[in-house]
Structures are given as structure tokens and as C-alpha cells.
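Have a look at the structure below before the remarks.
The values are calculated or read from the model by the stated rules, or taken from the named source; none is laboratory data. All of these numbers come straight from a predicted model, not from anything done at the bench. So basically every Cβ, Gly included, is an ideal-geometry build from the backbone, and we count neighbours across all protein chains shown. In case anyone asks, the SASA skips ligands and DNA or RNA and just uses the protein heavy atoms, side chains included. Shrake-Rupley method; radii C 1.70, N 1.55, O 1.52, S 1.80 Å.
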Amino acid sequence: MEPKVKRIGVLTSGGDAPGMNAAVRAVCRTANYMGIDCVGIRRGWNGLINGDILPLDAHSVNGIINRGGTMLYTARSAEFMTEEGQKRAAQTCRFLGMEGVVAIGGDGTFRGCLDLSKQGISVVGVPGTIDNDIACSHYTIGFDTACNTAMEAIDKLRDTMQSHERCSVIEVMGRHAGHLALYVGLACGATAVLVPERPYDFERDVLEKIRKARLAGRTHFMIIVAEGVGSAIELGERIHEATGIDPRVTVLGHVQRGGSPTARDRVTASRMGYLAVQVLAEGRTNRIICSRDGAITDIDMEEGLAMKKDLNALSYAAMEAFTGA
Ligand code: F6P
């Protein structure tokens with residue numbers, strides 16, 4: 001098939017996620033294989049506005065599949081939110097002969113894609129965020145690595161909590177979503193997990209779970225709280241006031257965004273990046289690449305952005321069963 005585009009750009013935008021480099025590599029290598037020129041756009045949408053580009057050939061992406069972060073840098077662009085910024089970005093595309101753009105990021109990035117497409121540029125979004133909060137995709141690049149990073153840190157915290165018979169309150173990332181907290185809570189055998197999708201009752205969801213664990217003979221407690229629920233420090237203070245226990249609070253923070261991507265993230269990124277270029281090569285636009293029931297496919301961008309995502313029901317029920325036992 002003769003590709004319908006001759007030159008495309010690739011950028012990463014919003015919070016970085018492990019596996020973004022693998023996705024950039026996949027886009028670049030696929031384009032090269034199909035005879036399409038590929039240009040790296042640095043610093044997200046700002047790079048498109050300012051013409052901050054990096055010519056990429058198949059070798060430019062050597063040795064990055066295993067690296068965290070993003071070789072293209074990333075940013076959240078205030079200028080691109082304005083129509084003026086969007087027009088300038090489209091002007092850069094036209095000037096450089098970039099007929100399509102693959103944007104790797106979260107839902108803010110995909111809204112940016114829609115704005116650019118209104119200026120006549122073809123766009124495809126690839127979901128890359130540790131939050132796993134893209135409704136149309138069951139999975140987003142970076143989630144598995146972030147879960148493993150958080151899990152390893154929490155396992156270490158458990159060692160010292162166990163020795164001192166303490167209570168640990170751990171805040172994990174996720175923005176407004178609790179997917180990371182729930183997954184990590186299951187993986188670490190938490191005493192309680194608080195997520196923004198399920199408003200919590202302090203007595204029932206925290207104190208009662210600590211009480212049950214204590215009556216079952218446990219002498220250390222691991223409470224995981226998603227950042228979207230509120231401050232782990234305040235939760236620690238409430239636990240102290242209500243029980244006299246003196247919790248140790250840990251905010252895991254940006255460590256969750258770094259590190260070498262897991263096999264799952266590298267392979268998902270490779271498959272998604274490959275399909276993104278295929279979509280543009282077929283002359284299609286306004287698509288989000290997504291993972292659904294293990295298959296990598298694509299969906300209309302507006303339709304995808306209008307969807308809502310809830311927590312995995314079975315995971316939540318299992319967590320409730322284990323923490324209530
Ligand atoms: O979206 C990824 C994420 O790490 C969220 O989990 C978190 O709320 C946010 O980004 C942090 O953003 P920043 O890096 O700007 O502090």
C-alpha cells in the first residue's frame with residue numbers, strides 16, 4: 001500500500017510515563033519501514049508552535065526502548081490552549097510538510113489533538129500515562145511500570161513497619177483516578193485502600209479495617225491512599241487522633257513516573273506506536289489507539305474522550321473482601 005502521508009511528526013505531552021520512549025521508537029521505525037519521513041517534535045505542543053524539531057531516522061531511536069522518561073522532552077503548553085497557538089502549530093506543520101502528528105500522552109494531549117485537527121492536520125493519539133485513566137483504553141503505557149515501582153517501595157516500607165509494629169500511610173499518584181492505588185493495594189496486600197471513585201467513610205473504611213486487622217493478630221498496617229482522595233498527611237493525623245497510633249506517612253510522588261519500562265509497557269508501546277503510523281498511512285485521522293480486551297485497536301477521538309471509566313469492579317470487590325476479612 002502506498003502511504004497516504006509522506007511526512008509525520010511525533011511528540012510526547014503532559015506527564016511523562018515509562019514506555020513513552022518505546023512508543024516514539026515504534027512510530028519512528030514503522031514510519032521508516034513504510035517510507036514515511038518522521039520528525040520528532042520536542043517539548044510537546046510548545047515544540048510544534050516554536051518549530052522545535054528533531055529529524056529522526058531509524059537509528060535516532062537506537063537504545064531508547066529500555067529508558068524511562070522521554071527523549072523528546074514533554075510539557076504542558078498554555079499557549080497551545082489558545083486558538084492563536086493552535087494556528088501557529090498548524091503553520092509549523094504545513095511549513096515542514098508534516099501531514100500527520102502522533103501525540104503520546106493523556107486526555108489533555110488528545111484534546112490538543114482535536115484542536116490541531118480543526119486546523120486541518122491529521123492526528124492520532126497514543127495513551128501514555130501512569131494514571132490509566134483513558135476511558136476508551138483498558139490500558140495506558142506506563143501503568144505497569146508505575147505499579148511495580150510503587151509496589152517495590154511499599155514492600156520496603158512494610159519491612160520496617162513490621163519490625164516496629166507501625167502503621168504506614170502511603171500516598172500514590174493517579175490524579176483524579178484510583179486505578180494505580182487499587183492495583184498496588186491488591187499487589188501489596190494493603191490493610192485499606194482509599195480511591196476517589198468511592199467516597200470513603202473514615203470509621204468504616206479506615207478504623208474498622210485497622211481494628212479487624214489488629215483483632216486478627218496483625219501488628220502493622222498498610223493504608224494506601226490515592227492522591228485524588230486527599231492528603232495522606234491529614235489522614236495520618238486523623239488516624240492518630242482516633243486511635244493513638246502514630247502513623248508514618250510516605251508520599252511516593254514522582255519516583256512513580258521514572259524507571260526502565262517493564263516488558264508489558266515496552267510491548268504495548270511498540271504495538272500502539274506501530275498501529276498509530278498504520279492509521280495515518282491509511283489516510284485516517286482523529287483516532288485514539290487503544291487496548292481493549294488484549295487487542296490493540298483504534299477509536300474515534302471524540303467518541304473515546306466522551307467515554308467514562310470506572311475502577312475494575314472485580315479488583316475493587318476483591319480488595320474489599322481482603323481488607324474486610
Ligand atoms: O498524570 C500523571 C501524573 O503523575 C498524576 O498522577 C499526577 O497527579 C500529576 O501527573 C503530577 O503532575 P506534575 O508532574 O506536573 O507534578
Worksheet, complete the sentence: Mean-square fluctuation maximum in Gaussian network of the chain, Cα pairs under 10 Å, restricted to Tyr33, Tyr183, Tyr274, hits Tyr33
Worksheet item: Per the Cauchy relation, a quarter of the hull surface: what is the mean projected area of the convex hull of the alpha carbons in segment 199-325, in nm²?
Response: 10.9
Worksheet item: Hey, quick one: spin label on His176, modelled 7 Å out along Cα-Cβ, who in segment 306-325 has an amide N within reach, i.e. under 15 Å?
Response: 306-311
Discussion item. Accessible area per residue for the chain in Å², computed with a 1.4 Å probe and the full protein assembly in place, what is it?
Written reply: 43
Worksheet item: Between Ala135 and Val267, what length in nm is gained on full extension when 0.36 nm per residue of separation is reduced by their alpha carbon distance?
Response: 45.5 nm
Fill in: Taking only Cα atoms of the chain, radius of gyration then Dmax in Å
21.7, 71
Discussion item. Give the separation of the Cα centroids, segment 192-244 to segment 34-92, in Å.
Written reply: 43
Worksheet entry | Descending Cα extents along the principal axes, segment 146-258, whole Å | 36, 30, 21
Fill in: Label-point gap, in nm, between Val251 and Met307 - each point 7 angstrom along Cα→Cβ
3.3
Discussion item. If I model a spin label at Glu83 and Thr219 as a point 7 Å from the Cα along the Cα→Cβ vector, what separation in nanometres do I get?
Written reply: 6.8
Discussion item. Can you compute the FRET efficiency between Thr297 and Asp155 using 1/(1 + (r/R0)^6), with r the Cβ-Cβ distance and R0 = 35 Å? Round to the nearest 0.05.
Written reply: 0.50
Fill in: Efficiency of FRET from Cβ geometry, Asn66 and Ser163, R₀ 45 Å, rounded to 0.05
0.85
Response to the item:
Cα extents of segment 1-153 per principal axis, largest first, Å, are 47, 35, 27
